[in-house]
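Report on the structure given below.
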Amino acid sequence: MFGNQTLKGVVLVALGATSYGMLATFVKLAYQENFTTAEVTTAQFTYGILGILIINLFQRAKNKNTAVKATKKNISQLMLAGTSLGMTSVFYYLAVKHIPVSIGIVLLMQTVWMGVLLEWILDKKVPSMQKTISVIVVLIGTALAINIFKINFNDPEIDWSIGLIWGLLAATSFTTTMFTANKVALEISSAQRSLYMLLGGAIIVLIFALITQVTPFNFEIFAKWGIILALFGTIIPPMLLNAGFPHTGIGLGSIVTSLELPVSVLMAYFILNEKVIGLQWFGIFLIILAIVIMNIKVKK
């Protein structure tokens, strides 16, 4: 079915998506130890920047400085694009603070239809019937996956209204990140692009921390969760996805990345003991199906 290189790409992309899928559960565990969103994001981005910086230095030494270097324009564009990356982390972590992880990841996957809408507005590309069907399937799947008809907005333990807003804001900023990342400074290495986008995101995280951190900053986050969050959220996934996508192509790669959704829900189910009923699993299946429909090539 697959050639060796394609299979290699599928494995790399799958591992990258799986890493992303684990992230929210680790964040939730950090919250259970009373760490704040500011502490979590600061630790993740600090270690993430250090890790990607080391990778850049290693690649530079390996290539003997022959790689294309980023210009000032590249750097400014990537840092600007990276601000949406910082917003995504902040919004997503705020969302899972108020609602279950299994719901937060479903909201983040709204990038499927948001991307179609953004492409329509900015690139004037009218959605095809294939994409339109995918969007409808995503919306139906989302309604089932969050068990919308059973949501108790008066539940004292879950702040649904705030959580849903943060989750949709995370999806919006993530859509912006993906849209700009595929258009900005493509001539330089992915490691350089990742580094400058992280620096842009770090500015947002720093501003957020300065505004919201009202208690003394707990530096234990760096020892307890910082490295894990950076590895699974900032370092490993981009490396694996950038290495795998050239072998899978955008279509197959996008389908494989949808593994992030069931992995995130399974982690929440087994580790956080979040309740996930059959109807929600069916909704998750529909969202993955929509991603497959959107990316398969249909003969005219």
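In percent, how large is the relative contact order of region 49-200, given Cα pairs closer than 8 Å and 6 or more residues apart? Don't skip to the end; give the middle numbers.
Values: 154 pairs, mean separation 78.9, N = 152.
Relative contact order comes out at 52 percent.
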Label-point separation in nm, TRP160 to ILE133, each point 7 Å along Cα→Cβ: 3.2
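Roughly to the nearest percent, how much of the accessible area of region 92-207 is carbon and sulfur, given a 1.4 Å probe? Before the final figure, lay out each step's value.
On the way: 3870 of 5530 Å².
Here carbon and sulfur together make up 70 percent of the probe-accessible area.
Under the rule that an exposed site lies in a DSSP loop and has at most 15 other Cβ atoms within 10 Å, name the longest stretch of the chain with no GluC sites (Glu not before Pro) of that kind, not counting the sites themselves. Mind dumping the intermediate values first?
Working: sites that count: GLU33, GLU157, GLU187.
Counting at most 15 other Cβ atoms within 10 Å as exposed, the longest clean stretch of the chain is 34-156.
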Full-extension gain in nm, THR6 to LYS125, via 0.36 nm per residue minus C-alpha separation: 39.9 nm
Note, ³J(HN,Hα) from phi for region 128-141, Karplus 6.51, -1.76, 1.60, rounded to Hz, x at Gly and Pro: 6, 4, 4, 6, 4, 4, 4, 4, 4, 5, 4, 5, 5, x
Label-point separation, ASN34 to LEU53 (7 Å along Cα→Cβ), nm: 3.2
Å² per residue, accessible surface of the chain at 1.4 Å: 51
Loop-resident sites, region 115-181, for trypsin sites (Lys or Arg not before Pro), counting at most 13 other Cβ within 10 Å (DSSP): LYS124, LYS125
Region 262-276 - phi-based ³J(HN,Hα) in whole Hz, Karplus 6.51/-1.76/1.60, Gly and Pro as x: x, 5, 4, 5, 5, 4, 5, 5, 7, 8, 9, 6, 6, 7, 10
About the Cα centre, charge dipole magnitude for the chain (Lys/Arg +1, Asp/Glu -1 at Cβ), debye: 1260
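The values are calculated or read from the model by the stated rules, or taken from the named source; none is laboratory data. Computed from a predicted structure; not experimentally measured. Neighbour counts are summed over all protein chains in view; Cβ atoms, including those assigned to glycine, are modelled from backbone coordinates with ideal geometry. Side chains are part of the model used for accessible areas, which takes the heavy atoms of the whole protein and leaves out ligands, DNA and RNA. Shrake-Rupley method; radii C 1.70, N 1.55, O 1.52, S 1.80 Å.
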